[in-house]
């Protein structure tokens, strides 16, 4: 295609670009903005709030479990707490926090002015928030879901659970999956079409591979949970039969549908985080990532194999040995891509020149926690041994090592890493080190003993345990560790809030990193790039230091153009590029701010409230509202050539 | 020429290294303490059952291998972090070596070997525990309820059958087959020292077998969240030498001992008139309720309320009058029984050996 | 202020194929297809576990379902015909195709409702009925959604929004409609045909 005329960045019409891209002031702006950076920050803040709420729920449970035969909490209260803790952390924190970083960073890293579907982006946030409000309404009225985050039937059915608890569960999860799915479609569209010219597949940052793989996985796996939740709601509300054996249903059908989503979901909530680590380690080790193509492929391989292991959550249900053997083998196999990534990181540190700033501490600590969580997972692939440790605290230890180790630690590190870009100010390094060590020590003190508790026979999901069991000591240590870990999280929040106002000014590239998001000032201007860059390597900002040794560079093609490029200032414009080689194909007119995403989310919330409280008029009203909002959203403006969604 | 600056001592990375050493030592100590307590009553790495021991060997292999992997990786990370790196001037970036050998050996070949070995051990163990070497000496039906275990030994005729609750007796050194079923929600039968878990699922019957190598009492619990009192649903397997086992069977087959003296006769009257018979059975009386555990030989059991309380007279009385305080949400209602009647009732129940 | 007109030499707008808006519909269809795949998986799973006959009252009658299938296929054909019209710049043909597709789709929904009314089993008796009504109900809801989309596109077509080069809404709504059609083929094969295959 025709090559864009390159204009020097100094001649770019920044005032015009600012006016074109900025959000209008006031309440209208707040409700209608489609700025991916604002949406990203909203995701981050909201997800952190859910992390804190989920953490408080956990601390209350830890108080209950410190000592045997404690009856601070009734069994019902405890069951609601552990369920809300699980779904809050796994659904309302772990994925949205990564969406937040992806939303903010992707266009900057990809060399674009926006995500592919800006209004859909806003919708994904508003529905995330609305679904969180919806599910916490249940807790507010004392009828929170109470059957664990995995909601097994028949305990979830009307006969054993007559209140609204599991209706909130079914509908709340459907609501959340709507948000996640449309967010995933946005990421897929963006990575396919919205890269800077020249950013071919082998020049994509691993963070992009991580979120991209997670998004494809979400598109294909979330519907399994939707189907299951629809069945659950219909069985509870309309007395249909899907999960009750007496009428031809099967409790195992729920387990299959749940875990067909559940297993890919755990990769959805770690692959982007692993990608973030793959960005941080090279920066702080002053060299490109070792084995980039292998890490990229292993990300995709993990996502794919992750669809083939779900039955390992069901080994104790009495399945045929041949079936269990297959899933056991697949569960062993999925270790290999992870091992590749671990050794790529270690090799990068080993052969690089590590500088232990706070993000690097979190990245290094993450590797150790990843491996501990990983091996405790491999142990469960051994079917007969899984029969012993499944549904015990050994599994609780495993899941927290993988979730906190592979999601929370990279996320906190990523905050330290990218906060300077988002706010223009550095976070405090001394407090950062205290933050890391408190979290690291507290976490290990809290969760390592759980392996022991499980091996000593302590089952999961128990509101208390007998004194004769001998589990008091490990539980006491766990409680102490959990509170130390919580203090670490508090230190992080303090550092975040204080540094926003008082941190050292960061400049555009305080870490001397190599990827594109560090090219512009901090915080970025509202239009991201004054001129659209042309990319010729994987690490455009390191080309002046590495020259032709920069990964992804093709000798003879020249270097990336960052300080000159296409201006694209006739409205909200950016390039649409081809999926593989990122050849510029068209100039896209991006949609501007709109109230429809907010209104649509409000209509959906009303509809879900109608369904859960059996107010069918409200449900119908909500559905009509959704349709009206969609029609209004898509209504062609006078210029029918605006195609972008 | 620029003089290389000597790092101040201790440098941040050295402080970190020291802390890491202390952290590692602390972790090992914690492990040791925990391992010392690893002889609890529900030890998954114990070796008392035949299936348990196959699974245990596999378990030890995996645990030891895992610990080794974690240790190696931690050491590698520490060395990578703290070894001497010649920083480029101005902390500039370098292209670095490709490092493919790390990927090949650490990421692919060595894990592949370990995993293949683990996989074959897994299949081998699965085969080993699939069926016992001899025909089972008994087949016991275990029916899971919220939140207790119904145990049935089917005999050739009804008067040869045994119905009890929450305790299973097995002969030492003989395999026993368990047929697991339920009519309410999913439970899981788990006696760690004898075998791994097998679920009880409505609509299907799952089979498993256990064999106790030594005489003793083996504690277990429900291993799948089954509602409010999942935490209080224990089961006990008591392995008896053959003669004691036969004696137990014979005693269990007998109907309830009659109420011989005035107190126990009064207790039986209280039982029949307070509504107990609506839920509980006592063979040999007219009490035929099928909702709760069979009480024909309740006094022969070591615990009540599915392991929640030791079976003593005081606990029995406390359970009768305020079950909801002990096990809130259970199906046992709070029974308003006046104290004199309660004493008689407890006296009667104590005769049901 | 510096002059701001730059001729990039790259076309403005996206044309039809492979635009971001087109891909958005593709991935939406992908996730919806996965949903139906899981609904049908559930159908086959419970069928394989069932100890009683599946369907309980024997194979379902094709008397209404088979003609209905043909009607739905024809509606897709009509839509394609209409879309080809606008690709050639023929707005009249577009509007005609949309209308025919709409009416055929509406007939499909009505016949489905009639079939529901006359079935010997309801959604509550046992699992087969629950699955049958849920699956066909979900499909019917998607058909109705497709009809509503068709109406919107008709309204916009009346207003002369679409041109030879620019008619993404027609293409996207068409893709969705064909998807609904193809899903019906799978549903029909699973619910009505597969029990007859022994």
Fill in the blank from the handout: By Cβ neighbour count within 10 Å, fewest first, B:150, B:254 rank B:254, B:150
Practice task
In whole angstrom, note down how far apart the Cα centers of the range A:269-336 and the range B:148-207 are.
Solution key: 38 Å
Handout entry: Other protein chain Cβ atoms within 10 Å, averaged over every residue that makes up A:388-399
Key = 4
Practice task
Per residue of B:62-72, count partner chain C-beta atoms within 10 Å of its C-beta, then hand back the mean as an integer.
Solution key: 4
Fill in the blank from the handout: Bridge orientation stat for the protein assembly as shown from DSSP, antiparallel percent rounded to 5, came to 75 percent
Problem - Additional length obtainable on full extension of the chain from residue B:135 to residue B:87, 0.36 nm per residue less Cα span - result: 10.2 nm
Handout entry: Peptide A:352-359 - average C-beta neighbours from other chains (10 Å radius)
Key = 4
Practice task
If a/c stays under 1.5 just call it rounded; otherwise compare a/b with b/c (prolate if a/b is bigger, oblate if not). Do that for the range B:151-220, with a ≥ b ≥ c from the square roots of the Cα gyration tensor eigenvalues.
Solution key: oblate
Problem - Dimensionless Rg ratio for chain A, taking C-alpha atoms and the 2.2 N^0.38 Å reference - result: 0.96
Practice task
Express the Stokes-Einstein translational diffusion coefficient of the range A:115-176 in µm² s⁻¹, to the nearest whole number, given a Kirkwood radius over alpha-carbon pairs, 37 °C and a viscosity of 0.692 mPa s.
Solution key: 260 µm²/s
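If each residue's Cβ is checked for other Cβ atoms within 10 Å, how do A:37, A:433 rank with the fewest at the top?
A:433, A:37
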Exercise for the section: Would you mind ranking A:543, A:429 by Cβ crowding within 10 Å, fewest neighbours first? Expected result: A:429, A:543
Completion exercise
Semi-axes (Å, rounded, descending) of the ellipsoid equivalent to the range B:146-282 per its C-alpha gyration tensor are 28, 21, 14
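Let me know the Kirkwood hydrodynamic radius for chain C, please, with Cα pairs as the basis and the value in Å to one decimal.
18.7 Å
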Practice task
Indicate the gyration tensor shape class of the range B:262-350 (rounded, prolate or oblate), computed on the Cα atoms with a ≥ b ≥ c the square roots of the eigenvalues: a/c under 1.5 is rounded; otherwise a/b larger than b/c is prolate and the rest oblate.
Solution key: rounded
Exercise for the section: Whole Å is fine, so just give me how far the alpha carbon centre of the range A:545-594 lies from that of the range A:355-393. Expected result: 39 Å
Exercise for the section: State the three equivalent ellipsoid semi-axes of the protein assembly as shown, derived from the C-alpha gyration tensor as the square roots of 5 times its eigenvalues, in descending order and whole Å. Expected result: 56, 40, 25
Problem - Relative contact order computed over chain B (Cα-Cα under 8 Å; 6+ residues apart), in percent - result: 14 percent
Problem - Inter-label distance, nm, simple model (7 Å from Cα along the C-beta direction), residue C:109/residue C:57 - result: 2.6 nm
Exercise for the section: Kindly express, to the nearest 10 degrees and within the range 0 to 90, the angle between helix B:50-82's C-alpha long axis and the longest C-alpha principal axis of chain B. Expected result: 30 degrees
Handout entry: Euclidean distance of C-alpha centroids, the range B:66-136 and the range C:19-37, integer Å
Key = 39 Å
Problem - Residue-averaged 222 nm ellipticity for the protein assembly as shown, from DSSP H runs of 4+ at -39500 (n - 2.57), nearest 500 - result: -18500 deg cm²/dmol
Practice task
Find the relative contact order for chain A and round it to a whole percent, using C-alpha pairs within less than 8 Å whose residues are 6+ positions apart.
Solution key: 20 percent
Exercise for the section: Would you mind calculating the relative contact order of the range B:138-253 from Cα pairs under 8 angstrom and at least 6 residues apart, reporting the percent as a whole number? Expected result: 28 percent
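Rounded to the nearest 0.05, what FRET efficiency is calculated for residue C:77 and residue B:156 with R0 set to 60 Å and r the Cβ-Cβ distance?
Values: r = 71 Å, r/R0 = 1.18.
Calculated transfer efficiency: 0.30.
Rule-based calculations on the coordinates, nothing more; no lab input. In this text, all values refer to a predicted model and were calculated from it rather than measured experimentally. Glycine also receives a Cβ, built like all others from the backbone with ideal geometry; neighbour counts cover every protein chain displayed.
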